[in-house]
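Enquirer: Dropping a structure here in structure tokens format, bear with me for questions.
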Amino acid sequence: MLGWLDRVFPRRVLFQRDRRLLHLFLGRVLGSTGFAIVIPFLSLYLHGERGVPMSLVGGIFFFAALAGAVGQVVGGELTDRLGRKIVIVGSQLLRAATFVGFGVAVLVHAPILWFFLLTSLSALAGRAYEPPSGAMVADIAVGSARAEYYAVLRIGGNLGWAIGPAIGGFLAALSYPTLFLIAAAVLLVAGLFMAFMLEETLPHRVSHSLEVQEATTLLPSSTGTAPLARFGFEELGQALRDATFVRYCVVSLILFTVMSQLISTLSVYAVQWAGVSKVQLGWLYTLNGLMVVLLQFPVVRALAPYRMTTALVAGSILYAAGYAMMGVSHHLALLLAAMFVVTLGEIVTTPASMNLVANFSTVELRGRYMGVYGLFNSFGWSMGPLMGGVLLDFAAGRSTLLWTPIGGLALVATAGYWDLRRRLSPAMDRDKETRHERSA
């Protein structure tokens with residue numbers, strides 16, 4: 001009776017395979033809802049309510065994303081040292097605290113410097129969440145199931161994006177302080193839920209726990225900490241010395257620069273250039289979230305027989321087409337059509353990109369590979385809003401001048417992924433667990 005649901009939503013994957021995935025999924029829904037209530041409207045507040053130039057708003061997001069890059073590396077290192085769960089929970093609680101700070105800053109009309117600091121702290125906490133989350137999925141899924149598990153995580157995040165902006169659009173039209181404080185409350189609930197429900201999956205910690213239960217007297221000095229006595233610069237360097245992996249990260253950085261236009265650049269363009277309301281802006285982002293919820297799982301299954309670089313090439317082309325459409329979108333209906341195409345690009349590329357990182361790494365270095373990949377992710381998301389802000393100020397109402405360079409970057413990423421495809425063996429480039437088998 002519910003067979004149709006399984007084609008668009010991972011009901012059986014969530015409820016009949018591994019409860020750890022269900023708990024991670026629900027925590028992701030809550031956390032992304034809290035974040036999505038705020039983030040599309042932060043640049044609108046700064047530019048529209050406080051009169052901050054978009055170049056400066058882009059600069060704020062630039063430095064925030066650099067802080068996020070630090071969060072990615074530190075989060076990846078702590079993931080391998082302390083475990084997945086403690087980093088996940090701590091990052092959510094820290095972000096909840098920063099959103100309370102945003103609400104207070106709006107109430108007291110704080111200097112822009114406060115928003116710069118709070119945005120950076122929020123980005124650091126949010127990015128620190130990604131390596132342990134990705135590593136936890138890699139821990140509990142093997143082979144072709146891993147791509148489905150990553151897709152499930154994406155669906156959870158985008159279910160939050162389907163809910164959050166719709167709420168945020170109404171709240172932003174009423175009261176910005178309420179917007180931030182409600183978002184903080186949702187993030188607090190997310191952190192507490194994961195603190196009580198998530199189980200640790202770090203392999204050596206799980207095996208240690210089992211050994212203690214079976215033979216406590218044989219391990220009198222064991223503490224359960226990771227077998228790393230210091231910050232693993234040498235191990236981190238192993239990922240950076242992997243030339244093909246670094247090439248992959250550089251190409252992905254270009255695509256991340258394009259992806260990041262979906263936040264500050266699009267929100268200001270839609271409201272102040274295309275003339276949509278804040279509530280309608282919420283609908284625009286809700287379309288993005290709903291599409292991922294409904295299409296991510298079937299698309300992952302449809303692409304499973306193909307190489308992951310095929311998905312990355314196709315998704316980059318969709319990004320180029322979607323952002324080119326933004327240049328001629330001056331009404332809500334046209335913006336919705338452009339968002340549809342851009343979101344298809346997101347659906348196609350994101351699970352493949354994460355799964356390929358997992359294939360590059362070993363179990364022992366999985367957190368670090370995720371952290372290094374996240375470092376490039378953060379640099380892309382830092383350059384994107386800065387570039388978009390400068391283009392918004394420079395283009396001065398000429399929408400094609402704004403979106404054409406952004407679409408061009410997506411085509412550069414397309415060429416980069418096609419080149420990477422020639423360098424990877426088919427085994428390395430498919431949705432299954434492989435070692436570092438590469439073609440010459």
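Enquirer: Show me the ranking of peptides 395-403, 310-318, 243-251, 30-38 by mean Cβ neighbours inside 10 Å, starting with the highest.
Expert: The densest-packed peptide leads the list: 30-38, 310-318, 243-251, 395-403.
Enquirer: Please sort 345-356, 322-333 by packing, taking for each peptide the average over its residues of neighbouring beta carbons within 10 angstrom, highest first.
Expert: Highest-to-lowest ranking by the protection proxy: 345-356, 322-333.
Enquirer: Quickly work out the M197-to-Y306 label distance, labels modelled 7 Å from Cα along the C-beta direction, and quote it in nm with one decimal.
Expert: About 3.4 nm, to one decimal.
Enquirer: Using label points projected 7 Å from each Cα along Cα→Cβ, tell me how many nm separate A337 and S55, to one decimal.
Expert: About 3.4 nm, to one decimal.
Enquirer: Take peptides 277-284, 291-298 and line them up by average Cβ neighbours within 10 Å, highest first, as a rough protection proxy.
Expert: Top to bottom by mean Cβ count within 10 Å: 291-298, 277-284.
Any read-out appearing in this document is the output of simple, stated calculations on the displayed coordinates, not a laboratory observation. Remember, it's a predicted structure, so these values are computed and weren't measured experimentally. Quick reminder, even Gly has a Cβ in these numbers, built from the backbone with ideal geometry, and neighbours come from all protein chains shown.
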